[in-house]
Every structure is written in structure tokens, then in C-alpha cells.
1. Look through B:LEU72, B:LEU66, B:LEU83 and report the one residue that is on the phi < 0 side of the Ramachandran plot, more than 7 Å from chain A (Cβ to nearest Cβ) and touching a Cys at 6+ places or on another chain (Cβ under 7 Å).
2. Go through (1) modelled with pLDDT of 85 or more; (2) within 20 Å of A:THR107 (Cα to Cα) one by one and return the number of the condition A:THR23 breaks.
3. Based on this model, can you work out whether B:ASP96 counts as more than 9 Å from chain A (Cβ to nearest Cβ), surrounded by fewer than 18 Cβ atoms within 10 Å (Cβ to Cβ) and among the acidic types (Asp, Glu)?
4. Mind listing whichever residues of the stretch A:73-82 are facing chain B (nearest Cβ under 7 Å) and either surrounded by fewer than 18 Cβ atoms within 10 Å (Cβ to Cβ) or closer than 16 Å to A:ASN111 by Cα (or both)?
5. Among the residues of the stretch B:39-60, are any part of a helix (DSSP H, G or I) and under 21 Å from A:ILE124 (Cα atoms)?
6. Among helices (runs of 4 or more DSSP H) lying entirely in the stretch A:1-93, which contain 2 or more residues that are of a type in the set (Gly, Ala, Ser) and touching a residue at least 24 places away in the same chain (Cβ under 8 Å)?
Amino acid sequence: MKYITLFIIIFVLWLLMTYNLETPNLIVGAVVALITSLVFGKGFLQDSKKFFQPQRYFWIIVYLFIFIWECIKANFDVAYRVLSPSMPIKPGIVKVKTTLKTDIGKTFLANSITMTPGTITVDIIDDEFYVHWIYVSSKDPKEYTNKILGRFEKYLKRIFE
Amino acid sequence: MSDTISLIFIIIGVVFDLFGCIGLIRLPDVYNRLQSATKSVTLGTCSILFGLFIKYGFSAIGMKALIAIPLLFFASTVAAHALIRGSYKFGIKLWDKTVIDDYKDVQK
């Protein structure tokens, strides 16, 4: 089942990328998608049933808007720190705990952290994220966990779990 | 009209790319430089690609530009993660004024 899902995704991606519906192109796309899905299918989602639940797509769209907004804020934040003459940075690596269980959820959370204001995920060990933060604004674990993860965790939980 | 909008997006993108490059020079260590390299440069480049998509619409060029955006997003976040973890494991020191380092404890 997960091989078929992966095949469809790759094939659609191929069609969008080449933007051409002639027969030779379709055949080449199908062959390439088949080989790729056979090679990488093993590492794909454990549970591809989740692909066919429409409420998850609704939350993906909500999440996308929140993510883009945070991303734009992140850029202004970094631009301000870079351009101001005194360079207001106070870097450090902090440890935060997540409640997400699935691997794909953690991956998305780590990527989201990397794209948001002043934070980059350094490592994930079990359910602990090590995050490099350009401006450590508080020393209280609860407060910074909420600051770093709080915006995304609840949406990712609805999308992936 | 769409030419003007696409031009605005491309100009915003170039300005953010420039900020990212200034950050690469000004910030003190590898870790902080990666911050500016991933954020500003990714959004800047995505904005340029989106401007391109608005200019060409749903054609071969426009669709390629649109698909490049998520690919760039994932590639740059994963690359930043790999680089920052690699440089820590390699033993590059954090900046002198770093206030906290929780990652040190799990290295042993």
C-alpha cells in the first residue's frame, strides 16, 4: 500500500515538473516513479492510511499559513539582529521535550523549528530536541519549551497522529 | 499588473538574500552564521521563485519554480541541521558569550 502511495506522489510530481502530457513522457515518468518507489518505499510512512483522511489536509492548510507567517517574522527578526550596530545576540543550545510520537511528525517539527525565529535543531535524541537559539530570552525550561514548540506542536499532532 | 507584482517579490527576495550574506560576515561563529544563512537566504530565494511563478503563471517555467520552493525548504533545513550537528561533533567551539549549552552533557 505504501509503495502505491509513494508511486502516485512521485508520478504527479514528475508530471508537474515536466508539464507535458505526451505518451513518451508518461512512460518515462512511470518507469522512474516505479524504480524510485521500489528503492525508497521501505523508508516511507509506516501508516499510509493517514493519507486518505481529509481532515488532515484541512489542518495542513491551516498549518501552512501559520508557518509562512512565522517564517516571515523569523526573517525580519534575523535581519534586525544582523543589521543593528550593537548586534543583540545571546546564543545558546537548549533542550526541549516534545510530545509527538511518530518519526515523520518529529521530522516536520524539527524542520519547522529550523525555519522559525532564531532557532536551529542540532540533534534529536528520543523525544528531546537540542536547539541552537540565537537569543536565549529565559532560563526556565517550561517557558522556552512553550516559546519554541508551542506554536506548531498542536497542529502537527492533528496532522500526523 | 502581474509584472509589477512579480518584480516586487523578486526585489524583496534579493534584499533578504543580501541580509543573509551580511549576516554571514558579521555574526561571530559557525552556529550563528548558519542561522542567517538558512533563514534569510531560504525565504529570499523562495520569494524570487514565487515572483517567477507569478510572471510566467501555470506554464512549464512557472510550475518548475513553484515546485522548487518546497524542495528548497526541505533541502536547506536538512542541510543546516547536518552542518550544525557536524560542526559540533567535529569540535568547533561555541562563541565566548554563549549563555547555555545543554548539548554538551549528551556527548559523552
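The values are calculated or read from the model by the stated rules, or taken from the named source; none is laboratory data. Computed from a predicted structure; not experimentally measured. In this analysis, Cβ positions are derived from the backbone assuming ideal geometry, glycine residues included, and neighbour counts consider all displayed protein chains.
1. Within the list B:LEU72, B:LEU66, B:LEU83, the selection yields B:LEU72.
2. Tallying (1) modelled with pLDDT of 85 or more; (2) within 20 Å of A:THR107 (Cα to Cα), A:THR23 fails exactly one: (2).
3. Against the criterion (more than 9 Å from chain A (Cβ to nearest Cβ), surrounded by fewer than 18 Cβ atoms within 10 Å (Cβ to Cβ) and among the acidic types (Asp, Glu)), B:ASP96 qualifies.
4. Within the stretch A:73-82, A:ALA74, A:ASN75 meet the criteria.
5. yes
6. Helices (runs of 4 or more DSSP H) meeting the threshold: A:23-40.
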